[in-house]
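Q: To start, I am sharing the structure in question, which I have written as structure tokens.
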Amino acid sequence: MTPRIHRRARDVRTLLGQLRHPPEFRIPRPLLEPAQADWAAAVLAEVEAAEALAEQARTPEGAGTDALLGAAIGLWRAQRKLDQGTGPLSAADLRQVRRQVHASRQALADDGLEIQEHDGKPFDSGQSLEVLVFQDEPELDREVVLETVRPSVYLRGERIRMGQVIVGRPAPEAHPGT
């Protein structure tokens, strides 16, 4: 049996199984396609894992900075994925996932963990950031962080992870006659 026929047979079995129940107890089909549902499930799993790590870190025998750092980075990546969007999610699903991510980040912030993103901010060589790449950008008149690859993370005001960034700089001027 081909995967397509197998999937259709499963769908028919599911629909027939629902017909055994009174209409008020039938479960409607999900609005997401399988790839979208898998993606949303992966993001929710990241959020739940991060929340569990944050909760564990609140206890006296907590997991410590490494667990908080992992939770912070995981939440940041999940939120970034959501903000970039990978396809049409229903508005309700997107709101729910985004609300969970924001609540998790707020819980971490309440415990003194700050995740600092640097996108669009002016860059100075004295900043405590790891620059992965400098890119020439003709429209810029000063150095600016184009993309945060990894955010800076602070715990109670002390940096525990240095951020990694890609910096745009003004393109060098072409000299006539060269």
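The values are calculated or read from the model by the stated rules, or taken from the named source; none is laboratory data. Since we're looking at a predicted model, the values are computed, not measured. Side chains are part of the model used for accessible areas, which takes the heavy atoms of the whole protein and leaves out ligands, DNA and RNA. Shrake-Rupley method; radii C 1.70, N 1.55, O 1.52, S 1.80 Å.
Q: Which number do you get for Rg(Cα) / (2.2 N^0.38 Å) in the range 1-51?
A: Relative to the rule-of-thumb radius for its length, the range 1-51 sits at 1.53.
Q: When the accessible area of the range 94-178 is split by element with a 1.4 Å probe, what percent falls to carbon and sulfur?
A: The value for the range 94-178 is 46 percent carbon and sulfur by accessible area.
Q: Give, in nm to one decimal, the length gained when the segment between Asp124 and Ala45 is fully stretched (0.36 nm per residue of separation minus the Cα-Cα distance).
A: So the extension gain works out to 24.7 nm.
Q: Over the heavy atoms of Glu143, what accessible area does a 1.4 Å probe trace out, to the nearest 10 Å²?
A: 60
Q: Something else: Largest first, please: the extent of the C-alpha atoms of the range 101-178 along each principal axis, to the nearest Å.
A: Result, largest extent first: 60, 23, 16 Å.
Q: A further question on this structure: Could you do me a favour and compute the accessible area per residue for the range 101-162, 1.4 Å probe, result in Å²?
A: The answer is 60 Å² per residue.
Q: What does the accessible area of Leu132 come to, in Å² to the nearest 10, when a probe of 1.4 Å is used?
A: Probe radius 1.4 Å; accessible area of Leu132 about 80 Å².
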